[in-house]
Amino acid sequence: MATKSITKEFYLKNPSVFKQLKKQLESKPVRKQVVESPSLKKGREKLATFVFR
């Protein structure tokens with residue numbers, strides 16, 4: 001497992017672009033609604049079913 005973080009330097013000539021980028025980085029990410037597919041649900045149910053013989 002990697003233990004180092006990746007950093008990237010940006011050079012912006014326009015101060016308004018810098019403010020906009022900083023605002024985007026400080027805001028919380030928007031969570032997307034995930035729709036579960038029927039085949040994925042069926043696969044999970046098969047994995048969760050235990051068979052004793």
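The values are calculated or read from the model by the stated rules, or taken from the named source; none is laboratory data. The structure presented is a predicted model; accordingly, all values stated were derived computationally and were not measured. Glycine gets a Cβ as well: all are built from the backbone with ideal geometry, and neighbour counts include every protein chain shown. Surface areas here come from the heavy atoms of the whole protein model, side chains and all, with no ligands, DNA or RNA. Shrake-Rupley method; radii C 1.70, N 1.55, O 1.52, S 1.80 Å.
Overview of results
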{"read-out": "Filter result (modelled with pLDDT under 80 and among the aliphatic types (A, V, I, L, M)) within region 18-53", "value": "Val30, Val34, Val35, Leu47, Ala48, Val51"}
{"read-out": "Any hit, region 10-17, residues being in a helix (DSSP H, G or I), surrounded by 10 or more Cβ atoms within 10 Å (Cβ to Cβ) and at pLDDT below 85", "value": "no"}
{"read-out": "In region 18-44, the residues that are open to solvent by less than 100 Å² (accessible area, probe 1.4 Å) and among the aliphatic types (A, V, I, L, M)", "value": "Leu21, Leu40"}
